[in-house]
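> One structure is given below, represented as structure tokens, and several questions about it will come after.
What follows is calculated from the coordinates using simple rules that are stated; it is not laboratory data. Quick caveat, the model's predicted, so the values are computed rather than measured. Backbone-built Cβ (ideal geometry, glycine too); neighbour counts: all protein chains shown.
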Amino acid sequence: MKLAFIGIGNVGFALANNLQKKNHEIIIAHNNIKSKSVSQAQERNNAFKALPVQNAIDLADVIFLATPFKLNEEILKSLDFKGKTLVDCTNPVGPGISHGLESKFSGSEKVQEWSTNANVVKSYTIYGFENLNNSHFLNYNVKPVMMIAGNDQSSKEKIRILNSDLGFDTLDVGNLSQSLHLEHMTLLWVKMVRANGHHPNFTWAYLERK
């Protein structure tokens, strides 16, 4: 697939780098293609292309949003996603590692509101970037699970394929409103690791008794 990344920091780079190794074409979407963040990413992986944001969206099969949540409205409001899949990798985090929207609704629902002609899927937020860099747990005979939420089934199937390439099983938790609960899982992980000193190299798994 052709994958465009709006945001190429820790999360964006980890996803883009591993997906490029699985033969996906990576486009960094940035209106200043000579910016420091673009240059640093291309130095680390010279297979990455860079295009202005709308041009990258026009070419991409799937677009990843991996920016600070507070920037999302300004970034998204002028873009035309043309019915394509937009993966929301962002989280609204407030003071004291609280939910930045007071748990009234999910950040992904706001992303959908700001990008009305996109099919938004929530994914890649319930862990830190460390587990996007490396999803392998060789001591266990199970894969870590990546939970997703969204309203469009065909878009979720695309993310299921990418999850498999990244080494994750996929658990579809339902419509986009379920993203609120995924964002709470993010806060749990972040509080454990970033605030309370737990090591970051752990994930969740989905075990089903049939």
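> How far, in nm, would the chain grow between Ala47 and Lys2 when pulled straight, counting 0.36 nm per residue and subtracting the alpha carbon separation? Present the calculation step by step, with values, prior to reporting the outcome.
Working: separation 45, 0.36 × 45 = 16.20 nm, distance 1.26 nm.
Contour length minus Cα-Cα distance gives 14.9 nm.
> Turning to a different aspect of this structure: Indicate, rounded to the nearest 5 percent, the antiparallel portion of the DSSP beta bridges found entirely in the range 2-195. Could the numbers behind the result be given before it?
Details: 4 of 27 bridges.
In the range 2-195, DSSP labels about 15 percent of beta bridges as antiparallel.
> With a sphere of radius 12 Å drawn around the Cβ of Glu113, what net charge do the other residues whose Cβ falls strictly inside it have (Lys, Arg +1; Asp, Glu -1)? Kindly include the intermediate steps, with their values, before the conclusion.
Working: positive: Lys77, Lys110; negative: Glu73, Asp88, Glu109.
Local net charge: -1.
> Oh, and also: Each residue of the range 198-210 in turn: what ³J(HN,Hα) in whole Hz from Karplus with 6.51, -1.76, 1.60 and θ = phi - 60°, glycine and Pro shown as x?
Running phi through 6.51 cos²θ - 1.76 cosθ + 1.60 with θ = phi - 60° gives 5, 5, x, 8, 8, 9, 9, 10, 10, 10, 10, 8, 10 Hz.
> Let me ask something else. Can you run phi through the Karplus equation (6.51, -1.76, 1.60; θ = phi - 60°) for the range 93-101 and list ³J(HN,Hα) in whole Hz, with x for Gly and Pro?
10, x, x, x, 6, 9, 6, x, 10
> For Thr170, enumerate residues with amide H under 5 Å from its amide H, sequence gap 5+ or separate chain, H modeled in the peptide plane.
Amide H neighbours of Thr170: Met146.
> Distance cut-off 29 Å, Cα to Cα: go down the list Lys2/Lys191; Lys49/Lys191; Lys2/Lys122; Lys110/Lys143; Lys49/Lys122 and report the pairs above it. Intermediate results must be reported in sequence, preceding the final value.
On the way: Lys2/Lys191 34 Å; Lys49/Lys191 35 Å; Lys2/Lys122 19 Å; Lys110/Lys143 31 Å; Lys49/Lys122 25 Å.
Flagged as over cut-off: Lys2/Lys191; Lys49/Lys191; Lys110/Lys143.
> Here's a follow-up. Using modelled backbone amide H atoms (1.01 Å from N, in-plane), which distant-in-sequence or interchain residues come within less than 5 Å of Tyr206's amide H?
Those qualifying (amide H under 5 Å, at least 5 residues apart or on another chain) are Val145.
> Kindly provide the trypsin sites (Lys or Arg not before Pro) of the range 1-99 that DSSP labels as loop, not H, G, I, E or B, and whose Cβ sees at most 14 other Cβ atoms within 10 Å. Before the final figure, lay out each step's value.
Values: sites: Lys2, Lys21, Lys22, Lys34, Lys36, Arg44, Lys49, Lys70, Lys77, Lys82, Lys84; in loops: Lys22, Lys34, Lys77, Lys82, Lys84.
Answer in residue order: Lys22, Lys34, Lys77, Lys82.
> Sticking with this one: How large are Rg and Dmax for the range 38-112 when only the alpha carbon atoms are used, in Å?
Cα only, the range 38-112: 14.4, 42 Å (Rg, Dmax).
> Please give the contour-minus-distance gain from Gln54 to Lys70: 0.36 nm per residue of separation, less the Cα-Cα distance, rounded to one decimal in nm. If you can, show how the numbers build up before the last one.
Values: separation 16, 0.36 × 16 = 5.76 nm, distance 2.00 nm.
Taking 0.36 nm per residue and subtracting the Cα distance, the gain is 3.8 nm.
> Could I ask something else about it? What is the dipole size for the chain, taken about its Cα centre, with +1 at each Lys and Arg Cβ and -1 at each Asp and Glu Cβ, in debye to the nearest 20? Intermediate results must be reported in sequence, preceding the final value.
On the way: 22 positive and 19 negative charges, 74 e Å.
In debye, rounded to 20, the chain gives about 360.
> Amide H neighbours of Asp61 under 5 Å, at least 5 residues apart or on other chains, H built in the peptide plane: list them.
Lys2, Leu3, Ala4
> Moving on. Report the relative contact order of the range 2-195, percent, no decimals, based on alpha-carbon pairs under 8 angstrom and at least 6 residues apart.
On the way: 375 pairs, mean separation 37.5, N = 194.
19 percent.
> Excluding Asn175 itself, calculate the net charge of residues whose Cβ lies under 12 Å from the Cβ of Asn175, where each Lys or Arg counts +1 and each Asp or Glu counts -1.
Values: positive: Lys122, Lys156; negative: Glu109, Asp152, Asp172.
Spelling it out: positives minus negatives among the neighbours equals -1.
> State the Cα centre-to-centre distance between the range 1-60 and the range 163-210 in whole Å.
Using only Cα atoms to place each centre, the spacing works out to 24 Å.
> Moving on. Based solely on its DSSP helices, what 222 nm [θ] is calculated for the chain when runs of n ≥ 4 H residues each add -39,500 (n - 2.57) and the sum is averaged over all residues, nearest 500 deg cm²/dmol? Provide the component values of the computation, followed by the final result.
Numbers: 8 runs with 71 residues, N = 210.
The helix contribution divided over the chain gives -9500 deg cm²/dmol.
> So what are the radius of gyration and Dmax for the Cα set of the chain, in Å?
Every Cα atom of the chain included, Rg and Dmax give 16.2, 53 Å.
> While we're looking at this one, here's another question. Explain nothing, just compute: Karplus ³J(HN,Hα) = 6.51 cos²θ - 1.76 cosθ + 1.60, θ = phi - 60°, for every residue of the range 139-148 in order, whole Hz, x for Gly and Pro.
Residue by residue, the range 139-148 yields 7, 10, 9, 9, 8, x, 9, 10, 8, 10 Hz.
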